[in-house]
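Here is the structure we will look at.
No lab work stands behind these numbers, since they all come straight from the coordinates. Predicted model, so just to flag it, every value in this text is computed and none were measured. Reconstructed Cβ throughout: ideal geometry from the backbone, glycine too, with neighbour counts over all protein chains shown.
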């Protein structure tokens, strides 16, 4: 396997919040970056997350002031027994939160790397965590 064509989770997260201005390949809405965000959320709290990916039906604003355009994926927080719009986090900000919490150093939840040639996530040489039933997907 050619390691030059593999991107670790941290690299995909970093691209999602830093390089989106410079390259269309690094848009946080693209599959490699969104995979990294979902994988990172699942690693961070082992599938018991209070954040859920949601597709915007209208324009929103992130808690940090970022624009969320219609049809983009963003993350809402479960507060108590209902989903609240008080805490809305765009994909780029979620990637930054996960990156600086070093989720890339945690054991893989499903996959460890993004294979650029095959355009899909893969697991390399590490054991997955036992998976709870509440794994989030998008």
- Message: Just want the ordering: 94, 120, 34, from fewest to most Cβ atoms lying within 10 Å of their own Cβ.
- Response: 120, 34, 94
- Label point distance in nm, residue 58-residue 71, each placed 7 Å from Cα along Cα→Cβ: 1.9
- Ranked 89, 63, criterion: other C-beta atoms within 10 Å, fewest first: 63, 89
- Say each of residue 29 and residue 3 gets a label point 7 Å from the Cα, pointing the same way as Cα to Cβ; how far apart are those two points in nm? 3.5
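If neighbour count is taken as other Cβ atoms inside 10 Å, put 35, 114 in order from fewest to most.
Numbers: 35 18, 114 24.
So the residues, fewest neighbours to most, are 35, 114.
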- Task: Only Cα pairs under 8 Å and at least 6 apart count here; give the relative contact order of the range 3-122 as a rounded whole percent.
- Result: 33
